[in-house]
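Read through the structure below, which is laid out as structure tokens, and then see the notes.
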Amino acid sequence: MGYVRRLFLATVFIASIGFIPIVAWIQAHPAYGYSEADVRKLLETNQCPGCDLSNADISDGGLDDANLSGANLSGAKLKSTSFRSTDLSGANLSSAWLSSAMLVSANLSKANLKNAHMENANLRDANLNGADLSGANLTGAKVRGTNFVGAIGLSKEQKEDLKKRGAKVD
């Protein structure tokens, strides 16, 4: 009986020694969801169509006139980021944090904005034609001149409120 017990303890000890470096490697390489190369490319060139920037934190950044068409920005932290005249057409911004973001004259046509946090965002003169705004929070957003024609996921009450605040809604 003593031999079996010693063999079992030796096996557990050897397995645990091999497990420690694996745990250390996993902690040193967390899963962000975005490509660090794509973030570098965006910051260096202001061009990153189709990039994976999901869950990236670009809060307080300046991305005016950038090309992010078709990019994946789902869950990204973009609070107070400036996107003036930026092309975000067809981008996935589901569950993105866009509170207080500057999206003046941005192209968000056919963008996925499901459950996006857009409180106090400035969307003046932005194009959201065909965008999916299901569950998006637009509380306090500036929408004068914003095109919501063809946008989906807005309730009748939301559409009426947007019209009152100067947005174009069908």
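The values are calculated or read from the model by the stated rules, or taken from the named source; none is laboratory data. All figures in this text were calculated on a predicted structure; none of them were measured in a lab. A quick note on method: Cβ atoms are made from the backbone with ideal geometry, for glycine too, and the neighbour counts reach across all protein chains shown. Note: areas computed on protein heavy atoms with side chains; ligands, DNA, RNA excluded. Shrake-Rupley method; radii C 1.70, N 1.55, O 1.52, S 1.80 Å.
Before moving on, here are some points about what is shown:
- Qualifying residue in the stretch 69-92 (condition: more than 24 Å from Glu36 (Cα to Cα), open to solvent by 40 Å² or more (accessible area, probe 1.4 Å) and acidic (Asp, Glu)): no
- Looking only at the stretch 139-170, and only at residues there that are within 13 Å of Leu103 (Cα to Cα) and out of contact with any strand residue (DSSP E or B) (no Cβ under 8 Å at 6 or more places or on another chain), the one that is least open to solvent (accessible area, probe 1.4 Å): Val143
- Against the numbered list (1) modelled with pLDDT under 95; (2) in contact with an Asp or Glu (Cβ under 9 Å, 6 or more places away or on another chain), Ser80 comes up short only at (1).
- Within this structure, Ala37 passes the test of being modelled with pLDDT of 90 or more, farther than 18 Å from Leu108 by Cβ, among the small types (Gly, Ala, Ser) and open to solvent by 40 Å² or more (accessible area, probe 1.4 Å).
- Test: Leu88 is at pLDDT 95 or above and under 8 Å from the mean Cα position of the chain (by Cα): no
- Output for the stretch 151-170, where each listed residue is over 15 Å from Ala116 (Cβ atoms) and not in a helix (DSSP H, G or I): Ser155, Arg165, Gly166, Ala167, Lys168, Val169, Asp170
- If you go through the stretch 114-133 and pick out every residue that is under 18 Å from the mean Cα position of the chain (by Cα), over 16 Å from Ala91 (Cα atoms) and open to solvent by 60 Å² or more (accessible area, probe 1.4 Å), you end up with 1.
- Here Ala106, Ala136 are screened, and the one residue that is surrounded by 24 or more Cβ atoms within 10 Å (Cβ to Cβ) and over 14 Å from the mean Cα position of the chain (by Cα) is Ala106.
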